[in-house]
Structure formats: structure tokens, C-alpha cells
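See structure below.
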Amino acid sequence: MGSILVIEDNKDVNHMLGEALIDEGYEVQTAYTGIEGLNKVKNSNFDLILLDIMLPYKSGDEILKEIRKFSDVPVIVISAKDIIGTKIDFLRMGADDYITKPFDLGEVVARVESNLRRYQKHIKETRVFSYKGILLDDSAKRVCVNGIEIELTAKEYRILEMLIKHQGKVFTKANLYESIWQEEYLGDDNAVKTHISNLRNKLHKADSDEKYIETVWGLGYRLYKE
């Protein structure tokens with residue numbers, strides 16, 4: 001069904017939203033502060049985010065601005081502020097929807113379903129991704145660097161695909177291993193390190209003037225920020 005992150009500091013509201021979405025078949029994670037929520041967005045893959053405005057340590061508008069620097073994941077703002085100017089501001093910042101409190105749980109679930117349908121349709125229609133000199137054609141499963149096709153193994157392709165579809169996001173070794181190998185990560189990072197090294201070498205051979213994959217020490221890997 002999809003993975004959803006609920007960022008809401010009111011524990012009762014957070015729990016209520018989570019239970020309603022779990023009942024509909026969604027996987028749900030929760031965060032109660034702005035910093036916790038943003039860390040989860042950066043280190044996990046979500047299909048949609050429910051975001052409160054008034055949060056401890058980092059506000060909803062700050063989180064939304066940060067998210068839009070590296071992801072187009074749907075964000076539904078949930079707020080007690082029923083002011084047209086506030087709604088317009090958040091929609092212009094990149095929110096996909098805005099729901100005011102108090103809300104009807106059935107409406108929230110319906111809005112989640114609607115935004116997920118639109119996003120999944122967008123993902124299916126967007127099949128070519130680019131970053132610097134790289135073009136990744138997801139329908140043909142081809143990668144070109146500066147117009148020249150390079151040969152990648154299936155796992156190298158999947159690693160590059162994850163990085164290029166979520167530019168700026170840091171993927172831990174556990175993220176990559178469990179997503180690509182479809183097995184539980186038990187701490188042996190040799191497989192991931194070897195494939196990252198091979199992928200880097202192929203990209204460097206095709207374009208020695210650019211750096212593409214950055215190691216974020218203590219965290220994992222991401223594409224170099226342009």
C-alpha cells in the first residue's frame with residue numbers, strides 16, 4: 001500500500017492518525033519533533049508524509065523547505081491554522097495538500113489515497129532521470145554518461161537508480177543492502193562497498209572530470225551536491 005511518516009508532536013493525534021492508516025494497510029512510522037522527523041525523511045524511503053506545522057525544535061515550514069531540496073515525496077500539511085494565507089504559503093512552498101484540525105479521519109485517509117495515486121502516476125510517467133552528465137532511462141534500463149552508454153550490473157544499476165531518484169538523500173549501507181539484496185542487513189558491508197567502488201570506477205572512467213558518489217562518513221552514500 002505504501003509507507004507513510006506522521007510528524008506530529010501531539011501523541012494522541014499522532015497515534016490516532018497512525019492507527020487509522022495502519023487499518024487501511026499502510027506501513028506507518030511516527031516522529032514527535034521536527035528534528036526527528038527530518039532525520040527519518042533523510043534516512044528512510046517514504047511514499048507520503050503527514051506534517052504538522054507547530055513542532056518542537058524545527059517547524060513544519062522549515063522541514064518542508066528541507067524536504068523539497070532533495071525529494072518530491074507528497075507532503076500533506078495538517079494544522080490548526082485555518083487561515084487562507086497560511087494554506088497558500090505552504091502550497092507555494094511545495095505542500096501537496098492542506099488539512100485543518102479538527103479533521104475527519106475518513107477525509108485524511110481519502111486525501112492520502114488521492115495524493116498517492118497522483119504521485120504514483122507521476123513516477124510511472126517520469127522514466128528518464130538526470131544528474132550532471134548521467135542520463136538514466138528507467139524504461140530501457142540504460143545509463144549514459146555524456147552521451148556514451150556504460151555497462152552496469154543489475155545491482156550497480158539499482159544503486160545508481162536509488163541515488164539518482166533521490167538526489168541529496170543519504171542512503172545507509174543497511175538501506176542499500178536491504179532494498180537491493182532483499183535480505184536483512186547484519187552488518188557485513190563488503191557487498192555494498194564493493195558495488196559502490198565498482199560503480200564509482202565505471203563513472204570515473206566515463207567522466208574523469210566529475211565526482212558523482214559521495215561518502216558521508218558515519219552515515220552512508222549520496223550523490224555529490226551540485
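One table, with the values for the structure above:
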quantity: Filtered residues of segment 1-29 (kept if touching a residue at least 24 places away in the same chain (Cβ under 8 Å) and closer than 12 Å to Leu51 by Cβ); calculated: Ile4, Leu5, Val6, Ile7, Glu8, Asp9, Leu17
quantity: Count - residues of segment 18-69 that are at negative phi, exposed (fewer than 15 other Cβ atoms within 10 Å of the Cβ) and in contact with a Ser or Thr (Cβ under 6 Å, 6 or more places away or on another chain); calculated: 2
quantity: Strands (runs of 3 or more DSSP E) contained in segment 19-120 and holding at least 1 residues under 16 Å from the mean Cα position of the chain (by Cα); calculated: 27-31, 48-52, 75-79
quantity: Matching entry among Lys193, Lys202, Lys225 (being surrounded by fewer than 15 Cβ atoms within 10 Å (Cβ to Cβ) and part of a helix (DSSP H, G or I)); calculated: Lys193
quantity: Segment 19-35, subset touching a Lys or Arg at 6+ places or on another chain (Cβ under 6 Å) and of a type in the set (Gly, Ala, Ser), residue farthest from Ile67 (Cα to Cα); calculated: Ala31
quantity: Any hit, segment 95-111, residues being modelled with pLDDT of 90 or more, buried (at least 17 other Cβ atoms within 10 Å of the Cβ) and either within 19 Å of His166 (Cα to Cα) or not assigned by TED's automatic domain parsing to the domain that holds Ile22 (or both); calculated: yes
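The values are calculated or read from the model by the stated rules, or taken from the named source; none is laboratory data. In this text, all values refer to a predicted model and were calculated from it rather than measured experimentally. Cβ sites come from the backbone with ideal geometry, for glycine too, and all protein chains shown count toward neighbours.
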